[in-house]
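Participant: The structure under discussion is supplied below as structure tokens; questions concerning it will follow.
Any read-out appearing in this document is the output of simple, stated calculations on the displayed coordinates, not a laboratory observation. A quick note: this is a predicted structure, and the numbers were derived from the prediction, not measured. Cβ placement follows ideal geometry from the backbone for every residue including glycine, while neighbour counts extend to all protein chains displayed.
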Amino acid sequence: MKSMSSVTQQKGVSLLEVLISVVVLGVGILGVVGLQSVSLRSTNTAHERAMAVILTETLFEVMRSTGSIGRTNAFVMDDCEGVGGIPVTKSWQDDVKQVTAECAVVVWNDGVYTVTIDWTDQRLNASSIVVMEARP
């Protein structure tokens with residue numbers, strides 16, 4: 001005769017165990033989705049910063065290519081209009097505005113240009129700034 005303990009042995013998985021494993025799996029998937037979202041926002045911010053640096057270096061090369069004009073304060077800009085006598089600066093400001101939604105400020109101080117691009121990143125709700133100096 002079979003004993004009672006051998007008849008009551010468990011075979012398979014209970015419903016409670018399945019529910020707990022589904023909850024654990026769901027929490028893990030939500031964590032991965034959250035990390036993906038943060039990663040995507042950070043990647044876009046890094047792209048904006050890289051483009052701001054590239055645009056600033058492009059302006060420095062334009063300054064150097066103009067020769068003696070670049071060694072004066074001819075490239076000073078405090079608005080989105082660029083410099084009147086140098087049309088490439090208007091398109092440069094347009095490019096900066098397209099990347100960052102703000103305009104750059106270019107100042108001249110004792111033979112050194114300082115370019116400042118300051119913008120607010122809406123995705124991260126944070127301010128980003130790129131400041132570079134060059135002596136043409």
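Participant: Which residues does the label zone of ASP95 cover in the stretch 102-129, counting backbone N under 18 Å from a point 7 Å along Cα→Cβ?
Facilitator: 102-107, 114-118
Participant: Quick one: if you stick a label point 7 Å off each Cα along the C-beta vector at LEU35 and LYS11, how many nm between them?
Facilitator: So the label points at LEU35 and LYS11 sit 4.1 nm apart.
Participant: Measure nothing but the geometry: give the 0 to 90° angle between the long axis through the Cα atoms of 15-65 and the longest principal axis through the Cα atoms of the chain, rounded to 10°.
Facilitator: With both axes taken from Cα atoms, the answer is about 10 degrees.
Participant: Taking springs between alpha-carbon atoms closer than 10 angstrom, which of THR45, THR66, THR56 fluctuates most in the Gaussian network model of the chain?
Facilitator: Evaluated over the chain, the most mobile residue of the options is THR66.
Participant: For a Förster distance of 22 Å, can you work out the FRET efficiency between the beta-carbons of ALA126 and ASP79, rounded to the nearest 0.05?
Facilitator: The value I calculate is 0.35.
Participant: Skipping prolines and chain starts, which residues have an amide H placed within reach, meaning under 5 Å, of the one on GLY82, given they are 5 or more residues away or on another chain?
Facilitator: Here nothing satisfies the definition.
Participant: Now, a different point. Given points 7 Å out from each Cα along the Cα-Cβ axis, report the LEU25 to GLU133 separation in nanometres with one decimal.
Facilitator: Label at LEU25, label at GLU133, 5.9 nm between them.
Participant: Where is the GNM fluctuation largest for the chain (alpha-carbon springs, 10 angstrom cutoff): ILE117, ILE29, ILE20?
Facilitator: Result: ILE20 has the largest fluctuation of those listed.
Participant: Please give the Cα centre distance for the stretch 20-50 versus the stretch 54-83, rounded to the nearest Å.
Facilitator: 41
Participant: Using Cα extents along the principal axes in Å as the read-out, say which of [x] 109, 22, 20; [y] 54, 22, 17; [z] 55, 32, 30 was calculated from these coordinates.
Facilitator: Matching entry in [x] 109, 22, 20; [y] 54, 22, 17; [z] 55, 32, 30: [x].
Participant: So what is the relative contact order for the stretch 38-129, in percent, with contacts set as C-alpha pairs under 8 Å and at least six apart?
Facilitator: 24
Participant: Report, in degrees rounded to the nearest 10, the 0 to 90 angle that the Cα long axis of helix 88-100 makes with the longest principal axis of the chain.
Facilitator: Approximately 20 degrees, to the nearest ten.
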